[in-house]
Amino acid sequence: MKMEVENVEKLNPEETEENNDPGSKLVEDLAIEYSQYMKIDTEAEYGKFFTTVEEMLTKLEEFGQLVELVRSDTAICMNDAMPLIQNKCNEMHTVFDKIDNLEKFVLLVKDNVSVMETELVKAEDQMGSFSGLKKMLSSFVSPKKTQTKVTKQADYEVPNIFKTEDYLQTKHSKDIKEEPNKDNEQK
């Protein structure tokens, strides 16, 4: 096809003068224009293709490096960070147990406080809101009534409440517990 195009281009104007009719001139112009369409610059196309392939290879190499970097980071995380996280998690279990015990202790204290408040309300009802004034007046009027109140007060039972030494170990409570043992050893 290239040869035909070159032949069309090489036509001399003198040769075409023989055929001066407008149809042949039109055919000649048309052939020249078509020949321009058929010209392909393979060097330019090869250059574009080669540039595109080079860019793709560069991007592929960068992607490979990125994958390798991720693999190395994953290895670091799995080999170094995971054991540390696991150890901290195991340590946290003891903290969680302490928190659970503290919640139980707070609930126990709350229950004991509510029992003591109930007992306080009962005692205030028995003694009355003006207990001091009543005591003074009742002692002048009849001493026997105060004695009966004293006997009623003797019937009071102290509610069983917690002891902080049973739940919280302090240096002072340890010293107190150790002292009786020392006395027993010396005897």
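The values are calculated or read from the model by the stated rules, or taken from the named source; none is laboratory data. All values reported here derive from a predicted model rather than from experimental measurement. As a convention, Cβ positions derive from the backbone with ideal geometry for all residues, glycine included, and neighbour counts pool all protein chains shown. Note: accessible area is taken over every heavy atom of the protein model, side chains too, but ligands, DNA and RNA are not part of it. Shrake-Rupley method; radii C 1.70, N 1.55, O 1.52, S 1.80 Å.
Things worth noting here:
- Any pair with Cβ under 9 angstrom, 6 or more apart, that starts in region 95-117 at a residue that is over 13 Å from residue 168 (Cβ atoms) and ends at one that is open to solvent by 100 Å² or more (accessible area, probe 1.4 Å) and polar (S, T, N, Q): 112/160; 115/160
Let's see how each residue does on (1) open to solvent by less than 70 Å² (accessible area, probe 1.4 Å); (2) charged (D, E, K, R); (3) part of a loop (DSSP other than H, G, I, E, B); (4) modelled with pLDDT under 65:
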{"site": "5", "(1), (2), (3), (4)": "yes, no, no, yes"}
{"site": "24", "(1), (2), (3), (4)": "yes, no, no, no"}
{"site": "27", "(1), (2), (3), (4)": "no, no, no, no"}
{"site": "32", "(1), (2), (3), (4)": "yes, no, no, no"}
{"site": "35", "(1), (2), (3), (4)": "yes, no, no, no"}
{"site": "43", "(1), (2), (3), (4)": "no, yes, no, no"}
{"site": "46", "(1), (2), (3), (4)": "no, no, no, no"}
